[in-house]
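Here the structure comes first, spelled out in structure tokens, and everything after it is commentary.
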Amino acid sequence: MRKDEMFDTPKKKVALDVTNLDNFVYDMDHCIKCKGCYWVEHTYMPGVEFSVRCPSNLWNDFDSYGAFGKMRIGLAVNEGKLKWTDKLLEVIYADPLCGACDVGCKRNLDLEIGLSLEALRIKAVKDGAGPMPAHKKIAKNIAAKHNQFGSPHENRKKWITKDVQVAEKADVVYFVGCSGSYVNPEIARATARVLNASGRKFMLLPDEWCCGNTLYSVGMIDEARELAKRNIEAVRATGAKTLVTSCAEGYRMWKVDYPKLLNIATSDLGFNVVHLIEVADEAMKKGDLKLTKPVDVRFTYHDSCGVSRLCDPWTPWSGERGWMGTVSPALKRRRGTTGLYAQSRNILNAIPGAKFVEMPRKRENAFCCGAGRGTKEAFPDLASFSAKHRLDEVKSVSAEVLVSACPWCKSNFSQAVKENGDNVKVMDIAEIISAAVEL
Amino acid sequence: MSIQKQAYNALEAAVGAKYISDDPAICEGYRSGPGGYESGLGYERVMTTIPGAVVMPKTTEEVQKIVKICNRYKVPYVPYSTGFYGPRSHCHVENELLIDLKRLNSFEIDEKHFYVVVGSGVIYSPIQQEAMNKGAYVIIGGGGAQASAIANLIGDGWSPLSHRIGLPHRRILGTELVLPDGELVKMGSLADGSDPFWGDGPGPDLRGLLRGFTGLRGCLGIVTKMAIKTLPFQPEPLVPTGIAPNTALALPEKRVKWVNFQMPSKAAQVKAMFEIGKAEIAGAVTKVPLFWRAIAKAECKEEFWEIWGKETEETIKNFFIVRVLLIGYTSEEQMQYDENVLNDIMTELGGIARPTKPSDESWIKNADSAGMWLMCGSYVSVDYIIESLSQATQHGESYADLKRKYTPPLMPDNGDPGWFQSFELGHQGYSEFLVYWDQDEDTTGVDHFYLETAKMNIKERFYTSLLGPHQPLYLTGPMYGPNYHEWLLKVKDEFDPLWICHPPVPLAHDEFIERAEWMKPLKDWESPKKLPMPKW
């Protein structure tokens, strides 16, 4: 290219650092309202039904609830043109940060929508406006009881039953998480059984604390960072080489947000972070895990956000932006391509006697259950709406069972099923694998 | 900013409290820019503002009520379907009501008679999928799979598929239009209460109120429902494959197939398009800008510039591709026949077949228009014409010449003449010229270029889309009329005497020139001292 045809654009420093919203001004002001964040990717568009992938903007139709509206709002907040109000906080927080918008945008534009939304919440907290009252309660619970439900800390290992073998010392540590420990012990037990059946010896942390997913997600970054440091040190102290989760939210937190909080790469954690899906898939391929017991159901699978579009590993990046918005050094964008899409389906297609059917919105286009990242606590109506909308899709493919890979999804869907009086059973992937294993 | 309380209360009664808001956080979400189609330019900065309130009707009746309330309380309003079409579809005056039409999302398909009936909030890609489920297809407009089908059809409404499917006004069937004062007009066969199978009305064809070449930008009312013609397609499924961003439709190659040919010259390229049309084969015949191929190859913006940086004026000058979509509408044998004919044409003209992926990433179900912003951050299809095939190519070249003067801020593109293709089996040639820039730079040159294109078209006698409300009316009206502008203003005055519907369109670009100091040196045409419209 001829130099006289190019501006000599001054370079600006920029970093993928969510503690400063300024880093995402370029992303916010280059949103073009194509609504790639809102619609199911057009190649996969199933028709007029189930055509949307954004829970927030389907729950509330005003543009402000879509990422394209929030990008404009983010700029106005950053420039001090929009004051924090209850409505503004609702717009910012009535959102499960499910990442559908982020992968949608990165189909064509590569704007950092997800990070912009996280940075906006962090700014809300810094400005003294956020988070929502329900989130503050969770923060108190975590500070006092080390779990987000405020349950007695001493009950954390109550999920363990006699048929589950937990090692004193192993290369693998199973991080159960608050939900598995207190609300969905059946998922923790099923996970342990699958690990046992796979011959994967595992231990637990001597004193497991909350992962801090909600704290980070609502912008309480200082509190989340302290938990990250504490938990990482706790795992390193065990000498474990691998950390397994059965919670998609926890998986994302460990694999992506802890490194982000500490400005390190996922590979610098000092141990691998994997979800049970990966363990089971690998064990099946090696012949260590055999699914032989027939499970006579027609079921479908919901890609939980944390094991799909949100789980690309984290690498810190800082550099400069110059001519035509190009950046240097090279930036490998996180586009949600390394989600556990294939691994989960390898497993599900191997369940004997069962019929696995896909929903119209799948993988990176999946419609979030609406529970995660502080949404269910602060906006239960949105969480319920999203789950019921997704259940309509489950019913559209005549599935008897809905399988997901996250206790938050399971709880939220189960509650919606109960409220609807639906004839759909909700299971975790650990449970359906466990059901197919001869013990 | 907000609208009068009495008007707000009346609107709230019409739609319910859940579907109206004047909260600043809600209104801010409806800001036009700074990014987007034509955004980041002077027009967006000078002529647009956030709404005073936003209302979301569900039905045509609610739209009528809203419009009548606006007339009663003199609240200016703008209809808005998806907001994708940049500043033009956003509020232009203070305390304006934005009528967000996304909840008008009704959809019906008539499989037997080949049409769909859609509301203003229905976009293209779901329509295409529903049509394909029933053995039919529509156009995915160049504006993108995400464009409201109604908004697109009353504005643009074409794509490479127009080679076979035809021009938009032929596909607009029965239509419901809420006039600026709230009166309902039913067009075509709907006028006598019949099914919406036919577009022409029993009297004068009122579709002219919706669009001419490229539409009136929402200043003559609100289309709430439209029947759109579909056409028969082949029955094999087109299967989505891949994980974003690398997704595509896998094509059943015996029934649907893209084929690329490298032609030896511009003349051979045009001749090939003409002959393909004459033989009445193919579903699409097009030539796209070379930089689109670079976009398709690149994994990211930085890689695009690496790839594009290797191109020269010479490579652009010698890029004579013809891209043909073959469709076996009726059978594999028909497809084979088409391919044989195509190969005969290409052999005669020296076309060499190039390897082509057995998939479609755009046009059939997904127009990747959003990808146009990847390279520079800002983009607009500055102009398009429908002429003869040979004339269409000259249009692009004249634009490329003018563009050099404004590069930078425009993207260096080595004189690429843009996109051209066959419409209606080669009876028309279509040319579209696209420009790209970075909105963070000084964009004065882009504003100037935009205006200069109108003057160039007048000089070169190109009949273009940038007439009427798309450029200063007093610049283009006298040159193309000679009284085109006067008639347009008479129509506006007759149907919207208060100028309550999206003011100051159709004089918005005239107003822009008056307000933007940096545009004044370019004003060399006559206009009234005071523009003939009410001030809002």
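Averaged over residues, the count of other Cβ atoms within 10 Å places the peptides A:416-422, A:350-356 in the sequence A:350-356, A:416-422, highest first. Annotation: average projected area of chain B is 23.8 square nanometres, based on the convex hull of Cα atoms across all directions. Phi-derived couplings, Karplus 6.51 cos²θ - 1.76 cosθ + 1.60 at θ = phi - 60°, listed residue by residue for region A:196-213: 4, 5, 7, x, 9, 5, 9, 10, 10, 5, x, 9, 6, 10, 3, 6, x, 3 Hz, with x used for Gly and Pro.
Treating r as the C-beta distance of B:Asp524 and B:Tyr463 and R0 as 22 Å, the FRET efficiency rounds to 0.55. Residues B:Lys65, A:Lys136, A:Lys376, ranked from the fewest to the most other C-beta atoms within 10 Å, line up as A:Lys136, B:Lys65, A:Lys376. Using only Cα atoms, locate the centre of region B:156-215 and the centre of region B:333-391, then give the distance between them in Å, rounded to an integer. Centre-to-centre distance over Cα atoms comes out at 28 Å.
Note on A:Ile264 and B:Ser388: the model spin-label points, each 7 Å out from Cα along the C-beta direction, lie 7.2 nm apart.
Suppose R0 equals 22 Å. What FRET efficiency, 1/(1 + (r/R0)^6) with r the Cβ-Cβ distance, do A:Asn20 and B:Glu299 give to the nearest 0.05? The formula returns an efficiency of 0.20 here.
Rounded to the nearest 5, what % of the DSSP beta bridges within chain A are antiparallel ones? Here the antiparallel bridges make up roughly 25 percent for chain A. Averaging Cα coordinates gives a centre for region B:410-458 and one for region B:473-491; these two points are 23 Å apart.
Modelled this way, with points 7 Å down the Cα-to-C-beta line, the labels at A:Glu79 and A:Asp381 are 3.2 nm from one another.
Its Cα centre serving as origin, region A:308-439 has a Cβ charge dipole (Lys and Arg +1, Asp and Glu -1) of approximately 480 debye.
When its C-alpha radius of gyration is set against 2.2 N^0.38 Å (N residues), chain A gives a value of 0.96. Estimated purely from DSSP H runs of n ≥ 4, each contributing -39500 (n - 2.57), the mean residue ellipticity at 222 nm for the protein assembly as shown is -10000 deg cm²/dmol once divided by its residues. Pairs exceeding 32 Å between alpha-carbon atoms, taken from A:Lys136/A:Lys332; A:Lys362/B:Lys278; B:Lys257/B:Lys310; B:Lys271/B:Lys492; A:Lys140/A:Lys410: A:Lys136/A:Lys332; A:Lys362/B:Lys278; B:Lys271/B:Lys492.
For the protein assembly as shown, the antiparallel share of DSSP beta bridges with both residues in that region comes to about 70%. Across peptide B:407-414, the mean count of Cβ atoms from other chains lying within 10 Å of each residue's own Cβ comes to 4. Taking trypsin sites (Lys or Arg not before Pro) across region A:1-43, the ones in a DSSP loop with at most 15 further Cβ atoms lying within 10 angstrom of their Cβ are A:Arg2, A:Lys11.
Can you compute the FRET efficiency between A:Asp8 and B:Thr356 using 1/(1 + (r/R0)^6), with r the Cβ-Cβ distance and R0 = 41 Å? Round to the nearest 0.05. Efficiency computed from Cβ-Cβ geometry: 0.55. As a size descriptor, the averaged projected area of the C-alpha convex hull of region B:472-522 was calculated at 3.7 nm². Comparing B:His169, B:Thr356, B:Pro506 along the charge dipole axis of the protein assembly as shown, the residue lying farthest to the positive side is B:Thr356, per the Cβ-charge model. Neighbour counting of Cβ atoms within 10 Å sorts the residues A:Met284, B:Met226, A:Met253, fewest neighbours leading, into A:Met284, B:Met226, A:Met253. A full extension of the chain between A:Glu419 and A:Asp163 corresponds to an added length of 88.8 nm, given 0.36 nm per residue minus the alpha carbon distance. In loop segments of region B:279-336 as defined by DSSP, the trypsin sites (Lys or Arg not before Pro) with at most 14 further C-beta atoms inside 10 Å of their C-beta are B:Lys310.
Rounded to the nearest 20 debye, the dipole size of region B:5-100 about its Cα centre is 260 debye, using +1 on the Cβ of Lys and Arg and -1 on the Cβ of Asp and Glu.
Given their separation in residues at 0.36 nm each and the Cα-Cα distance between them, B:Lys535 and B:Lys18 gain 183.0 nm when the chain is fully extended. A simple spin-label model places pseudo-atoms 7 Å from Cα toward Cβ; at A:Arg298 and A:Lys201 they are separated by 4.6 nm. Its Cα centre serving as origin, region B:472-522 has a Cβ charge dipole (Lys and Arg +1, Asp and Glu -1) of approximately 100 debye. Compactness check for the protein assembly as shown: Cα Rg over 2.2 N^0.38 Å is 0.96.
Can you grab the distance from the C-alpha centre of region B:1-71 to the C-alpha centre of region A:88-140, Å, no decimals? So the separation of the two Cα centres works out to 25 Å. Neighbour counts of other Cβ atoms within 10 Å put B:Lys74, A:Lys106 in the fewest-to-most order B:Lys74, A:Lys106.
Which lysines does A:Lys229 reach when only Cα atoms under 16 Å apart count, and residues fewer than 8 places away in its own chain are ignored? Excluding near neighbours in sequence, the set is A:Lys255, A:Lys260.
Rule-based calculations on the coordinates, nothing more; no lab input. From a predicted model like this one, the values you see are computed outputs, not experimental measurements. For neighbour counting, all protein chains shown are included, and Cβ atoms are generated from backbone atoms with ideal geometry for every residue, glycine included.
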